[in-house]
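Down below is the structure, laid out as structure tokens.
Readers should treat all values here as calculations from the given coordinates under stated rules, not as data from a laboratory. Values in this document were obtained by computation on a predicted structure and should not be read as measured data. Cβ placement follows ideal geometry from the backbone for every residue including glycine, while neighbour counts extend to all protein chains displayed.
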Protein chains: 2
Amino acid sequence: MTTTPVTDLSSTDAREMLERHELGRLAFHLGDEVHITPVNYAVDRYGRVVLRTAEGSKLLGMTMDADVAFEIDEVDGFRARSVVIRGRAHVLRGAEAEEADLLPRRPWLEGMREVVVAITVDEMTGRSFTLRPPTSV
Amino acid sequence: MTTTPVTDLSSTDAREMLERHELGRLAFHLGDEVHITPVNYAVDRYGRVVLRTAEGSKLLGMTMDADVAFEIDEVDGFRARSVVIRGRAHVLRGAEAEEADLLPRRPWLEGMREVVVAITVDEMTGRSFTLRPPTSV
């Protein structure tokens, strides 16, 4: 008796999950290196993943190479789901940045996060995994 | 009145968190692109992050460029913690692969995951974040 271990989420389900979560992980280039960091985010009305960041390696990396990947996931008993995005990051300025500031978000940091970055989604893949109980073999 | 928004975890606390979790996110190069995927993992006695993968883009990417990043996180009320690793991935073979198979893991997939990959940790950073309540401004 076998189960299907991995199934694709519909684009509607993946979008719903993306809009329901607020914590994701951003992977970006920094020179020749790949880096990853947890980020707080929201989805704007254009379907972009919007986050704020301070000046630093994350912003520098995305400015030098806009190619990024983004991931959220959830585990519920014996099912896990993930949504993975590949896209391009760019800094929002002026009215666009102000509009993004109105999105409901839960800031992770008390400090100032000066720059608003939007990730335009080129590809979104949602998956559902069947988990097995812990095993040592 | 201010709080410290971000503090570093001690290396002991970061290590403890890494050993307690089983689901992380792996960021890797695939040609000029950065990719990210959720992975089930365990920590071996050398302190490496060990995971299994099938043949595919993840393995291809890590074989072409061993530079990887890895992340875990947890949220507990108004505190969040993350551990981020930068390291190098390599495929384990023979006795090394067999030893890694004895590590307690919770396989995410029913199917075969043929190849054992170990990430040697070059840099590990644990952080604790103070969260704020949700806000729309």
Quiz item: For label points placed 7 Å from Cα toward Cβ, what is the shortest-first list of nm distances from A:ASP32 to its copies?
Solution: 1.7
Quiz item: Among A:VAL49, A:PHE129, A:HIS29, which residue has its Cα positioned farthest towards the positive end of the charge dipole of the protein assembly as shown, with +1 placed on the Cβ of Lys and Arg, -1 on the Cβ of Asp and Glu, and the dipole taken about the Cα centre?
Solution: A:PHE129
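Counting each DSSP H run of 4 or more residues in chain A as -39500 (n - 2.57), what helix-only mean residue ellipticity at 222 nm follows after dividing by all residues, to the nearest 500 deg cm²/dmol?
Numbers: 3 runs with 25 residues, N = 137.
-5000 deg cm²/dmol, from helical runs alone.
Tell me the relative contact order for chain B as a rounded percent, counting alpha carbon contacts under 8 Å between residues six or more apart.
Details: 262 pairs, mean separation 44.4, N = 137.
Relative contact order for chain B comes out at 32 percent.
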Exercise. Place the label 7 angstrom along Cα→C-beta at B:ARG79 and in each other copy, then list the distances from the first to the rest in nm, shortest first.
Key: 3.3
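Filter the trypsin sites (Lys or Arg not before Pro) in the range B:7-62 to those in DSSP coil with at most 15 other Cβ atoms within 10 Å of their Cβ, and list the result. Write down the numbers at each step before the final one.
Numbers: sites: B:ARG15, B:ARG20, B:ARG25, B:ARG45, B:ARG48, B:ARG52, B:LYS58; in loops: B:ARG45, B:ARG48.
Hits after loop and neighbour filter: B:ARG45.
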Quiz item: Which whole number gives the average, over all residues in A:49-60, of C-beta atoms from other chains lying within 10 Å of the residue C-beta?
Solution: 0
Exercise. Determine how many Å³ per residue the convex hull of the Cα atoms of the range A:6-130 encloses.
Key: 111
Self-check item: Test item: Cα-centred dipole of chain A, Lys/Arg +1 and Asp/Glu -1 on Cβ, debye
Solution: 340
Self-check item: 5 angstrom amide H check on B:VAL121, placed H, neighbours 5+ away
Solution: B:VAL49
Quiz item: From the label point of A:GLU55, set 7 Å along Cα to the beta carbon, how far off in nm is each other copy's matching point, shortest first?
Solution: 5.0
Self-check item: Rg/Rh for the protein assembly as shown, where both radii come from Cα atoms and Rh is the Kirkwood radius
Solution: 0.96
Exercise. Could you state the angle between the C-alpha long axis of helix A:11-20 and the longest principal axis of the C-alpha atoms of chain A, as a value from 0 to 90 degrees rounded to the nearest 10?
Key: 60
Quiz prompt | Amide H contacts of A:LEU9 (H built 1.01 Å from N, under 5 Å, at least 5 apart or other chain) | solution = A:GLY126, A:ARG127, A:SER128
Quiz item: Placing +1 at every Lys and Arg Cβ and -1 at every Asp and Glu Cβ, with all other atoms neutral, what dipole size does the protein assembly as shown have around its Cα centre, in debye to the nearest 20?
Solution: 520
